[in-house]
1. For the stretch 136-154, state whether one or more residues are buried (at least 20 other Cβ atoms within 10 Å of the Cβ), within 16 Å of the ligand (Cβ to nearest atom) and farther than 23 Å from residue 42 by Cβ.
2. Which one of the conditions (1) surrounded by fewer than 16 Cβ atoms within 10 Å (Cβ to Cβ); (2) touching a residue at least 60 places away in the same chain (Cβ under 8 Å) does residue 251 fail to meet, given that it meets all the rest?
3. Residue check: is residue 236 more than 12 Å from the ligand (Cβ to nearest atom) and modelled with pLDDT under 95?
4. So which of 205, 196, 190 ends up being more than 14 Å from the ligand (Cβ to nearest atom) and within 23 Å of residue 238 (Cβ to Cβ)?
5. Scanning the stretch 163-183 for residues that are within 12 Å of the ligand (Cβ to nearest atom) and outside any loop (DSSP other than H, G, I, E, B), which turns out surrounded by the fewest Cβ atoms within 10 Å (Cβ to Cβ)?
6. May I ask you to list the residues in the stretch 211-229 that are near the ligand (Cβ under 10 Å from one of its atoms), in contact with a strand residue (DSSP E or B) (Cβ under 7 Å, 6 or more places away or on another chain) and farther than 11 Å from residue 253 by Cα?
7. Where residues in the stretch 218-235 are within 13 Å of residue 171 (Cα to Cα) and in contact with a helix residue (DSSP H, G or I) (Cβ under 8 Å, 6 or more places away or on another chain), which of them is surrounded by the fewest Cβ atoms within 10 Å (Cβ to Cβ)?
8. What about residue 221, is it within 18 Å of the chain's Cα centre (by Cα) and part of a helix (DSSP H, G or I)?
Ligand code: 13P
């Protein structure tokens, strides 16, 4: 059965206060209440999760963690938050391997190996991981394809076929992310990459999980380009950055996904 389109908002280190976070969430709730074929997940800063879970209440909006520790349970790991703790706070998703955490110049430089541990910790805790992959630049010789292949294979090393049912992959080309993006990606670039990733998954896990894993697009998604990525690019959803902080824009993206979802299923 086709899974629903997933529209996720990665709030990154925003907004500056819990009061503003509540306001954005309430705005998103008001604009997405009637959607049936679209799943909405918000990834706020971790300190806001418990409060936002309460506000989301019985609505269909789910909350997720932007990152989890490689360590499970609890222990002497200053500053770390485990996947189990997030699950206990009623988060149900976790991003793993976002490019802003992989970036060595940002002082973190997370490796595929470390991300693999985070995915395993998230799965063991009952969270659905959203693995981010993406190249920093596209070279003429297509070496970036090998980089994506390594990211997918190494980050998913040792993951069972059964666990793949919970996996989500977000293709986020780094050159298309944020205010300093080199340019916007076009739907064909996403579609090609989706086929490429599905082929890697099919070779590794077989057709069945490969076919049902949702592949999201992320990188300057807006109400202007969302329809193209869904219809021509055949994206299974989005990981939205900046525009997820605007209830109006995020709500419009979700509505476009709902309408495109009806088109996809008809
Ligand atoms: P922007 O939508 O701001 O480009 O961010 C994308 C992103 O990094 C989502 O995880």
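1. Within the stretch 136-154, one or more residues are buried (at least 20 other Cβ atoms within 10 Å of the Cβ), within 16 Å of the ligand (Cβ to nearest atom) and farther than 23 Å from residue 42 by Cβ.
2. So the condition that residue 251 fails would be (1).
3. No, not satisfied.
4. 196
5. Going through the qualifying residues, I end up with 174.
6. Within the stretch 211-229, 216, 217, 218 qualify.
7. Ranking the candidates gives 234 first.
8. So residue 221 does not fit the description; no.
The values are calculated or read from the model by the stated rules, or taken from the named source; none is laboratory data. Just so you know, these numbers come straight off a predicted model, no measurement behind them. Here the Cβ is made from the backbone with ideal geometry for all residues, glycine too, and neighbour counts use every protein chain on show.
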